[in-house]
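These notes are about the structure you will find just below.
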Amino acid sequence: MVALLFLVVWELTDDHPVVDLSLFKSRNFTIGCLCISLAYMLYFGAIVLLPQLLQEVYGYTATWAGLASAPVGLIPVLLSPIIGKFGNRLDMRRLVTFSFIMYAVCFYWRAYTFEPGMDFGASAWPQFVQGFAIACFFMPLTTITLSGLPPERMAAASSLSNFTRTLAGSIGTSITTTLWTQRESQHHSQLTEFVNPYNPQSQEMYRQLEQLGMSKQQASAYIANEITAQGLIISANEIFWLSAGVFLVLLALVWVAKPPFSSGGGGGGGAH
């Protein structure tokens, strides 16, 4: 952290900075970087979380977990060329707004439908619908980020924007996995409190498992595994809820960007 602070001070005061932090003086560049970084952080965190959840809790193989995640790439393949051709006729903020709404819908969808008995479609369909969000995400936000900058600063702006996005993806992965395991531990402790000799439901569960041929130790191990699975699902759903809420906040933030939007031109944000 100290080294990072020294880097910021150095780059702000140097005549020929390696990282041109003065780009953040541009409103559109700052808003674009912030939106694309936060959104990518949440998106990439979910990419890492979903296969782990499907394999650890639902017993999916790596192949089936990949198949459940794969539908997210279908829609962008079809829509991206169309958006690239006709997107300049629309306000980029509208496309990004649609994208963030779809992201929020998909994350809320997961938070509602992810439960112990869910089937393959419950994980695959939100991924498919999220493809609409991805198709309207990268190109419009990149255009907003680079709008209003002179041509000679495009390379530096593009590099810095890509760096912040990549850094955000790495941070998102770390935060998501850490939050998932920590919240699982808390939920595991809370759920375990209900398994005791004084809880009739707990004793009834033991009785039913013993009738199925399990010993006391086997029943305890089975219940412990179920509690762990429940904790992982609950903590994942909390992350989905939180991610959806952040996307709703980003909806308002993107409208702070100032049109016209173009990826080149002079200081006034000239035309293509």
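The values are calculated or read from the model by the stated rules, or taken from the named source; none is laboratory data. Since this is a predicted model, take the numbers as computed values, not measurements. Ideal geometry is used to build each Cβ from the backbone, glycine not excepted, and the neighbour counts take in all protein chains shown.
Quick rundown of the values:
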read-out: Among the candidates G245, G213, residue that is surrounded by fewer than 18 Cβ atoms within 10 Å (Cβ to Cβ) and either on the phi > 0 side of the Ramachandran plot or β-branched (V, I, T) (or both); value: G213
read-out: Pairs, first without any contact (Cβ under 8 Å) to a residue 40 or more places away in the chain in segment 24-37, second among the polar types (S, T, N, Q) and assigned to a helix (DSSP H, G or I), C-beta under 6 Å, six or more apart; value: F24/T30
read-out: From S22, S69, residue being of a type outside the set (A, V, I, L, M), surrounded by fewer than 17 Cβ atoms within 10 Å (Cβ to Cβ) and closer than 30 Å to S159 by Cβ; value: S22
read-out: Selection count where residues are within 10 Å of Q130 (Cβ to Cβ) and of a type outside the set (S, T, Y), scope segment 95-114; value: 6
read-out: Any chance F107 is modelled with pLDDT of 90 or more and either more than 21 Å from P259 (Cα to Cα) or among the polar types (S, T, N, Q) (or both); value: yes
read-out: Segment 48-59 residues that are under 16 Å from S243 (Cα atoms), paired with ones that are assigned to a helix (DSSP H, G or I) and aromatic (F, W, Y) (beta carbon under 8 Å, 6 or more apart); value: L49/W180
read-out: Qualifying residue in segment 40-49 (condition: surrounded by fewer than 19 Cβ atoms within 10 Å (Cβ to Cβ) and under 20 Å from E238 (Cβ atoms)); value: yes
read-out: Residue list for segment 144-156, filter: surrounded by fewer than 22 Cβ atoms within 10 Å (Cβ to Cβ) and either of a type in the set (D, E, K, R) or part of a helix (DSSP H, G or I) (or both); value: P151, E152, R153, M154, A155, A156
